Amino acid sequence: MGTILGLYDGDNPHYDILKYMNFSQDILDSIKVLSWLRIHRPADEKTPDELQDVTTLTGKDLEGYHRRLKAYTIVEEARKILFQADFDGLIIASQYQPESILPKLLPYIRGSRPVVVYHPHKEALLETSTWMRKCPDLLAPQLTESWLRKSQVLPGRTHPEMSTWGSGGCLLTATRILDQPVQAALTKKERAAMEKKNAEAKKLKREREEAESNAASSSSSLSVEATSSTTTTTTTTTTTTTTVLETEVVVESAEVIKEENDGDERAVKRVKQE
């Protein structure tokens, strides 16, 4: 079974009528809702786990935590479904101008899929129809008027209502397409422009890769230089230590020689005295 994602404006979704349509529970479970204000997660939004420590909650506080966690999970699931951009159709029925909604939702619709806009008044869809004809992502927009007759059902008799509208509203339909023309279907000028655009994109990609490679090389060079400096410092310290040791050995040798000379002089004096 598929999935229906309903976007609504306001604090609460207006889908209470579904409870009275005798739909099965499977169909009701396939309908997800998401507020326009919560399509994109705020930068300062925190999960229920980040707001409270579950281990310290008891009683009503714990029940409130699970209630908030369930609501948060439902919103996250609806966001995930929307951002997968794998929808097979788009239906718009809003009090706002449809051309302000279409650009935001078209990227989530797959190619060759229908787009339908409903409005009770035809005049509100004329401007939208003009916008659709200029949009490269929509093909063959058509504006049609639906006919609706309301009937009154009474015990033993049924008849149309005496005061009713002559129209049930208007439908503006189009087909979502992906603007990726085949080169064989392009003119020579259009093909040259596309090749130039692709070449510029490849050039920018290559320059970006070279910049990243140079940044990585510079980082490696700095690391090698730091290692070399450490090695040089260690070598200098070792040389200094060796020099100090050699100096101490020379000093000790000089003291030994001096002691030997003093001993020889005392021996010579003793012989002379004898």
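The values are calculated or read from the model by the stated rules, or taken from the named source; none is laboratory data. Quick caveat, the model's predicted, so the values are computed rather than measured. Cβ sites come from the backbone with ideal geometry, for glycine too, and all protein chains shown count toward neighbours.
Of the residues contained in the stretch 128-142, none is found to be part of a strand (DSSP E or B) and under 20 Å from S35 (Cα atoms).
Just to be sure, is K70 modelled with pLDDT under 85 and either outside any helix (DSSP H, G or I) or closer than 30 Å to H119 by Cβ (or both)?
Numbers: modelled with pLDDT under 85: yes; either outside any helix (DSSP H, G or I) or closer than 30 Å to H119 by Cβ (or both): no.
When the stated conditions are applied, K70 does not pass them.
Against the condition at pLDDT 85 or above, touching a strand residue (DSSP E or B) at 6+ places or on another chain (Cβ under 9 Å) and closer than 23 Å to Y8 by Cβ, how does L139 come out, does it pass? So L139 fails the test.
For the stretch 70-101, a residue qualifies if it is farther than 20 Å from T175 by Cα and small (G, A, S), and the qualifying residues are A71, A78. Of all residue pairs spaced 6 or more apart or on separate chains, those with beta-carbon atoms under 9 Å, a first member in the stretch 143-156 that is surrounded by 10 or more Cβ atoms within 10 Å (Cβ to Cβ) and a second member that is assigned to a loop (DSSP other than H, G, I, E, B) and modelled with pLDDT of 80 or more are L143/K122; E145/K122; E145/G169; S146/G169; L148/G169. Residues of the stretch 4-44 that are out of contact with any strand residue (DSSP E or B) (no Cβ under 9 Å at 6 or more places or on another chain), within 22 Å of Y108 (Cα to Cα) and exposed (fewer than 10 other Cβ atoms within 10 Å of the Cβ): P42 alone. Condition check for L62 on (1) in a helix (DSSP H, G or I); (2) at pLDDT 85 or above; (3) surrounded by 12 or more Cβ atoms within 10 Å (Cβ to Cβ): one failure, at (2). If you check E77, E127, E99, E161 for being among the acidic types (D, E) and without any contact (Cβ under 8 Å) to a residue 24 or more places away in the chain, only one passes: E161.
So which of L138, L171 ends up being under 18 Å from D86 (Cα atoms), buried (at least 16 other Cβ atoms within 10 Å of the Cβ) and without any contact (Cβ under 8 Å) to a residue 60 or more places away in the chain?
On the way: L171 fails: under 18 Å from D86 (Cα atoms).
The unique qualifying residue is L138.
Selection of first residues in the stretch 3-14 that are at pLDDT 80 or above and of second residues that are small (G, A, S), restricted to Cβ pairs under 7 Å at least 6 apart or on distinct chains, gives the following pairs, ordered by first then second residue: T3/S30; I4/S30; L5/A78; Y8/S35; P13/G6.
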